[in-house]
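> Questions regarding the structure given below will be posed in turn.
The values are calculated or read from the model by the stated rules, or taken from the named source; none is laboratory data. The model shown is predicted, which means the values in this text are computed figures rather than measured ones. Glycine gets a Cβ as well: all are built from the backbone with ideal geometry, and neighbour counts include every protein chain shown.
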Amino acid sequence: MTKNKQTFSIRETAEILVPDKLGRTSYLIALMLIIIMLGLITVLIVKMPPSVPLYFTLPWGEARLAPKAMLYILPAISLVFLIFNLGLGRISLKLSLLLPRVLAVASAIISGMLLISLLGIIQSLIL
C-alpha cells in the first residue's frame, strides 16, 4: 500500500494563489518594497533622534512628531494592504479578470508611495 505523497512547490502555490503573471510580479514588487522599508528603518533607527516627523496632516510643530519606533507603521500599512488586496483579488477572480490585476498593481503603487514617504522622512532628518 502506497500513500499519496503531496509535495510542496512554491511556484505552483503562487500560480494557484495569483494565476496572472502581472499580479504575481506586482505582489512581488510590493513585498520587496516592504522589505526595503523594514531594512532602511532597522539600519537607520539608531542614527535618528527620539522623535521624527510622521503626522504631516497636523499643524506645524511638535504635533507632527512621533517616536521613531512608529516608523514601522509604514511597512505595516503596506503589508496590510498587500494581504487585503491579495485576499480580495482571490475572491473576485471568479467575477472579473481585471479587478485582481488592478488590486495587485495598486498594492505595488501603495508600497512605492509609502517608501517615498519614508525616504522623505529620512531626508528631513539628515538635512
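> Any residue that is within 17 Å of the chain's Cα centre (by Cα) and at pLDDT 90 or above - is there at least one of those in the range 58-70?
Yes, the conditions are met somewhere in the range 58-70.
> Working only within the range 7-52, note down all residues that are at pLDDT below 85 and farther than 30 Å from L99 by Cα.
Hit for the range 7-52 is T7, nothing else.
> Just give me the residues in the range 72-127 being of a type in the set (S, T, Y) and assigned to a helix (DSSP H, G or I), in sequence order.
Y72, S78, S92, S107, S111, S117, S124
> Continuing with the same structure: Name the residues in the range 22-42 that are of a type in the set (S, T, N, Q) and surrounded by fewer than 16 Cβ atoms within 10 Å (Cβ to Cβ), would you?
Matches in the range 22-42: T25, T42.
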